[in-house]
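**Student:** What follows is a single structure, and I will ask about it in a moment.
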Amino acid sequence: MKRALLVTLMLALIVSFFAFDLQRFLTLEALKQSQHDFAALNAQSPWQIGGIFFAVYVVVTALSLPGAAIMTLAAGALFGLAEGLLLVSFASSIGATLAFLASRFVFRDSVQRRFGDRLKAVNEGVEKDGALYLFTLRLVPVFPFFLINLLMGLTPMRTGTFYWVSQVGMLAGTLVFVNAGTQLGQLQNLSGIISPGLIFSFALLGIFPLIAKKFISWIQARRVYAKWEKPAKFDRNLIVIGGGAAGLVSSYIAAAVKAKVTLIETHKMGGDCLNYGCVPSKALIKSARLAQQIRQGEHYGLNMQSPDFSFRKVMARVNEVIRTVAPHDSVERYTSLGVEVLQGYARITDPWTVEIKLNDGTTQTLTTRSIVIATGARPFVPPLPGLDDVGYVTSDTLWEKFSEMDVPPARLVVLGGGPIGCELSQSFARLGSKVMQIEMAPRIMIREDVEVSELARASLVADGVEVLTDHKAVRCEKEGERKFIVVEHDGQSQRIEFDTLLCAVGRSARLKGFGLEELGIPVQRTVTTNEYLETLYPNIYAAGDVAGPYQFTHTAAHQGWYVAVNALFGDFKRFKADYSVIPWATFIDPEVARVGLNEQEAREQGIGHEVTRYGIDDLDRAIADGAAHGFVKVLTVPGKDKILGATIVGEHAGDLLAEFVLAMKHGLGLNKILGTIHIYPTLAEANKYAAGEWKRAHAPQKVLAWLERYHAWKRS
Ligand SMILES: Cc1cc2nc3c(=O)[nH]c(=O)nc-3n(C[C@H](O)[C@H](O)[C@H](O)COP(=O)(O)OP(=O)(O)OC[C@H]3O[C@@H](n4cnc5c(N)ncnc54)[C@H](O)[C@@H]3O)c2cc1C
């Protein structure tokens, strides 16, 4: 209501301005003609004339009417340089701030709702460096004054900041105009005031804050390094600590561009993914899935069977898969690629020096221009009383421990309802364990939409997993050889007996013991970095699980590229890590894969969106495969085919998602997916059908009505 009133009032004033042609008073000619009359009036009643001039100036700028430049000249002509400058400087800043507030009040919410995701970078930039940007824009009179007021109103900039930066930033321009006004008699036109030479000087002044910023960061960097003695020359261009995905990619890139690079790994090359994470878990998932398919033989017209298998052999296969993949990440391979690989424990002793306790017991010290920290993460073990007494396994230890067992644990408690907990719960249930999965949150896979969590839960339950959500583990107890975990739910305690407890409640970055504390490198849950992945010391970078914000192999590898390129070529050009299109999958059955926004995130972030859904139960190939379940859900910009995010639940969802990842990365919309031939019958057709659903919902009804009439006419 208030908004409508304000808009009406402003529109009425603007319309009157043009309807009564008030603009005719705000031309150079009109000003020259009436200069003497005004001067006489001003001499009679200086306060009133000054006050009226001030008020009119405020109104003209607040309503973004044309004429502010002429009024600034008039101020010089009428009041002289000092008084004119004073009046205009305050009137223009107040008027600009009113225009800024009006734009904010009327448009900001709807603009942010509609374009929130696209404005994210702008919003963040304004929050961080908004004053600097505004100052530059005010100083360099390249963009129209009123446009800056209105656009800034749409950003999160604080009103006070807008006001004072405007006032200071516009001072130089105001001075030039007011001064020109004092020479009104000689002025022929407005363009004479702002000559190309003057614009160039302003431009120099405008970029001064940016140069100053660079200078300040250079000074800050020098301060950070002040207490360390920089080596005169370096043994290496780059030293990378950690041989997981992030470390492997960054050292490989460095070697590929002929830098002298050393990779240091204390334990197993390939890091978590190869040895304890993605690779063993996916190998286990495959065996478990096959066991389940054998049980489900009847669905495919085969005789009902129970899978007959040796758990020891299943685990042996898991280890064999690791051994087969290992050469990809091996010392030999990376050495052949030009990386020097040292096996030992690295510690950063100063910003350019790394000390390595080699596995053969000797110590080596190397100096380097840049360092990449890629030390990964380890399973987080919650501080549960009694946990150490009952014993537990984590993703780090379960592979070795279970490899020694002939049968899987009879009663397995899995603590954690995230992706790792879900994948392992389902697999061990399928391999014969009685699995109880305990999750504190109200649902499993909490980052996904509710319907995804529900589908995941239903599939785990169907495989025999007992899923306890909203259950908080409070302690563990041991009675003789019997082990229990106590959980609380709705104020009630429950004791659950188990044989093995698997902790899968998250993974914490490896931050201690290799020099971060001594160098004072700030950490929170991960190493603190800027958008270039630089730590406090601009020559020390972090990538992968230790840097966050994601904990995936492909994001670690993605960051690996940025740190290598920024470390080696940052003097010429630095790249900000781009997280705009990050996909991931949880490899339960059916798989859950996502890229970009889901519905809950779009709602939380206030991003306008439309949802298109295609049920995979309708897909020919899925029906033929006995996999007719799940869905493709796509979020698009309202009224447009631009993809904001996609979630796929179904067989091979992780593979199917690649089409949406490509589309989002390269700005292709649903029309393009619809216009692409997909092989029949494949699961990938689900993507095309989802695009088809979107098209149907956006069919041009009016055109179709006309077409119907046209065809009727052709028949008549
Ligand atoms: C069970 C499980 C399943 C997973 N499944 C998937 C999946 O399907 N897809 C996916 O994308 N991600 C998955 N992940 C996550 C993935 O494994 C990690 O995100 C990835 O390994 C991170 O790579 P990184 O290079 O950051 O760290 P890491 O792989 O942890 O490598 C860090 C290395 O640094 C070494 N190191 C540490 N400190 C030092 C030091 N001071 N000196 C020398 N060396 C040091 C460590 O020994 C380690 O080898 C899974 C994880 C787990 C646990």
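The values are calculated or read from the model by the stated rules, or taken from the named source; none is laboratory data. What you see is a predicted model, and the numbers here were worked out from it, not measured in a lab. Cβ: placed from backbone, ideal geometry, glycine included. Neighbour counts: every protein chain shown. To get the accessible areas, we keep the full protein, side chains included, count just its heavy atoms, and leave off ligands, DNA and RNA. Shrake-Rupley method; radii C 1.70, N 1.55, O 1.52, S 1.80 Å.
**Student:** Quick check on the stretch 693-716: of everything there that is in contact (Cβ under 8 Å) with a residue 24 or more places away in the chain and not aromatic (Phe, Trp, Tyr), which residue is most open to solvent (accessible area, probe 1.4 Å)?
**Tutor:** Checking each candidate, the answer is Lys695.
**Student:** Which of the residues that make up the stretch 531-553 are more than 17 Å from Ala509 (Cα to Cα) and either open to solvent by 20 Å² or more (accessible area, probe 1.4 Å) or among the hydroxyl-bearing types (Ser, Thr, Tyr) (or both)?
**Tutor:** Glu531, Tyr532, Leu536, Tyr537, Pro538
**Student:** Follow-up question, since we're still on this one. May I ask you to list the residues in the stretch 615-627 that are open to solvent by 40 Å² or more (accessible area, probe 1.4 Å) and without any contact (Cβ under 8 Å) to a residue 24 or more places away in the chain? Reasoning before the result, please.
**Tutor:** Keep residues of the stretch 615-627 that are open to solvent by 40 Å² or more (accessible area, probe 1.4 Å), which gives 617-618, 620-621, 623-626.
Hits for the stretch 615-627 are Asp617, Ile623.
**Student:** Moving on. Taking the condition surrounded by fewer than 18 Cβ atoms within 10 Å (Cβ to Cβ), of a type in the set (Gly, Ala, Ser) and either modelled with pLDDT of 90 or more or in contact with a Ser or Thr (Cβ under 6 Å, 6 or more places away or on another chain) (or both), does Ala68 pass?
**Tutor:** no
**Student:** Out of Val465, Val452, Val414, Val393, I need the residue that is out of contact with any helix residue (DSSP H, G or I) (no Cβ under 9 Å at 6 or more places or on another chain) and open to solvent by less than 10 Å² (accessible area, probe 1.4 Å). Which one?
**Tutor:** Val452 is the lone residue from the list that is out of contact with any helix residue (DSSP H, G or I) (no Cβ under 9 Å at 6 or more places or on another chain) and open to solvent by less than 10 Å² (accessible area, probe 1.4 Å).
**Student:** Return yes or no: is Glu355 open to solvent by less than 80 Å² (accessible area, probe 1.4 Å) and out of contact with any Pro (no Cβ under 6 Å at 6 or more places or on another chain)?
**Tutor:** Answer is yes for this residue.
**Student:** State which residue is surrounded by the most Cβ atoms within 10 Å (Cβ to Cβ) when the search covers only the stretch 135-179 and only residues that are of a type in the set (S, T, N, Q) and outside any loop (DSSP other than H, G, I, E, B).
**Tutor:** Selected residue: Ser166.
**Student:** Quick one: in the stretch 673-683, which of the residues that are in contact (Cβ under 8 Å) with a residue 12 or more places away in the chain and farther than 10 Å from Leu619 by Cα is farthest from the chain's Cα centre (by Cα)?
**Tutor:** Filtering the stretch 673-683 down to residues in contact (Cβ under 8 Å) with a residue 12 or more places away in the chain leaves 673-674, 676, 680-683.
From what is left, the residues that are farther than 10 Å from Leu619 by Cα are 673-674, 676, 680.
Working: Ile673: 24, Leu674: 28, Thr676: 29, Tyr680: 36 Å.
The extreme case among them is Tyr680.
Every residue, every condition in (1) within 16 Å of the ligand (Cβ to nearest atom); (2) closer than 30 Å to Leu337 by Cα; (3) open to solvent by 30 Å² or more (accessible area, probe 1.4 Å), yes or no:
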site	(1), (2), (3)
Leu263	yes, yes, no
His267	yes, yes, yes
Lys286	yes, no, yes
His299	no, no, yes
Leu302	no, no, yes
Met315	yes, no, no
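**Student:** Please go through the stretch 650-665 and pick out each residue that is in a helix (DSSP H, G or I), open to solvent by 10 Å² or more (accessible area, probe 1.4 Å) and either of a type outside the set (D, E, K, R) or over 16 Å from His558 (Cβ atoms) (or both).
**Tutor:** Residues satisfying the conditions are Gly654, Asp655, Leu656, Ala658, Glu659, Val661, Leu662, Met664.
**Student:** Please go through (1) of a type in the set (D, E, K, R); (2) in contact (Cβ under 8 Å) with a residue 40 or more places away in the chain; (3) surrounded by fewer than 21 Cβ atoms within 10 Å (Cβ to Cβ); (4) in a loop (DSSP other than H, G, I, E, B) for Glu518 and return the number of the only condition it doesn't satisfy.
**Tutor:** (4)
**Student:** Out of the residues in the stretch 228-248 meeting the condition of being crowded, with 24+ Cβ neighbours inside 10 Å and not in a loop (DSSP other than H, G, I, E, B), tell me which one is farthest from the ligand (Cβ to nearest atom).
**Tutor:** Applying the filter and picking the extreme gives Leu238.
**Student:** Residue by residue through the stretch 319-333, note down the ones that are farther than 15 Å from Pro280 by Cα and basic (Lys, Arg).
**Tutor:** Matches in the stretch 319-333: Arg333 only.
**Student:** Among the residues of the stretch 565-593, how many are outside any strand (DSSP E or B), more than 8 Å from the ligand (Cβ to nearest atom) and farther than 24 Å from Gln220 by Cβ?
**Tutor:** Looking only at that region, the number is 8.
**Student:** For Thr500, which of the numbered conditions (1) away from the ligand (no atom under 16 Å from the Cβ); (2) over 25 Å from the mean Cα position of the chain (by Cα); (3) of a type in the set (S, T, N, Q); (4) crowded, with 20+ Cβ neighbours inside 10 Å fails to hold?
**Tutor:** For Thr500, the failing item is (1).
**Student:** Anything in the stretch 676-693 that is under 14 Å from Phe631 (Cβ atoms) and in a loop (DSSP other than H, G, I, E, B)? List them, or say none.
**Tutor:** If the condition is that a residue be under 14 Å from Phe631 (Cβ atoms) and in a loop (DSSP other than H, G, I, E, B), then Leu683 is the only one that fits.
**Student:** How many of the residues making up the stretch 685-716 are touching an Asp or Glu at 6+ places or on another chain (Cβ under 7 Å) and under 19 Å from Asp620 (Cα atoms)?
**Tutor:** Total meeting the criteria: 1.
**Student:** Still on this model: Filter the stretch 426-472 for residues that are in a loop (DSSP other than H, G, I, E, B), among the β-branched types (Val, Ile, Thr) and either modelled with pLDDT under 95 or over 16 Å from Pro590 (Cβ atoms) (or both) and give the result.
**Tutor:** Taking the stretch 426-472 first, the residues in a loop (DSSP other than H, G, I, E, B) are 431-433, 439-449, 463-465, 469-471.
This time we only want the ones that are among the β-branched types (Val, Ile, Thr), so: 444, 446, 465, 469.
Matches in the stretch 426-472: Ile446, Thr469.
**Student:** Follow-up question, since we're still on this one. Count, please, the residues in the stretch 16-37 that happen to be open to solvent by 70 Å² or more (accessible area, probe 1.4 Å) and farther than 27 Å from Ser166 by Cβ.
**Tutor:** Residues in the stretch 16-37 being open to solvent by 70 Å² or more (accessible area, probe 1.4 Å) and farther than 27 Å from Ser166 by Cβ: 8 in total.
**Student:** Name the residue that is most open to solvent (accessible area, probe 1.4 Å), counting only residues in the stretch 376-390 that are assigned to a loop (DSSP other than H, G, I, E, B) and within 15 Å of the ligand (Cβ to nearest atom).
**Tutor:** Per the criteria, the residue is Phe380.
**Student:** Let me ask something additional. Take the conditions within 16 Å of the ligand (Cβ to nearest atom), at pLDDT 95 or above, within 28 Å of Gly626 (Cβ to Cβ) and among the aliphatic types (A, V, I, L, M) and apply them to Leu366. Does it pass?
**Tutor:** No: the conditions fail for Leu366.
**Student:** In this structure, does Gly560 turn out to be modelled with pLDDT under 95, of a type outside the set (A, V, I, L, M, F, W, C) and farther than 26 Å from Ala622 by Cβ?
**Tutor:** No.
**Student:** Please verify whether Ser453 is within 13 Å of the ligand (Cβ to nearest atom) and without any contact (Cβ under 8 Å) to a residue 60 or more places away in the chain, treating the condition exactly as stated.
**Tutor:** Working: within 13 Å of the ligand (Cβ to nearest atom): no; without any contact (Cβ under 8 Å) to a residue 60 or more places away in the chain: yes.
The answer is no for Ser453.
**Student:** Right, next: Looking for something open to solvent by 40 Å² or more (accessible area, probe 1.4 Å) and of a type in the set (S, T, N, Q) - is there at least one such residue anywhere in the stretch 633-643?
**Tutor:** Within the stretch 633-643 (the criterion being open to solvent by 40 Å² or more (accessible area, probe 1.4 Å) and of a type in the set (S, T, N, Q)), the answer is no, since none of the residues qualifies.
**Student:** Moving on. Do we have any residue at all in the stretch 590-606 that's open to solvent by 50 Å² or more (accessible area, probe 1.4 Å) and under 24 Å from Thr353 (Cα atoms)?
**Tutor:** no
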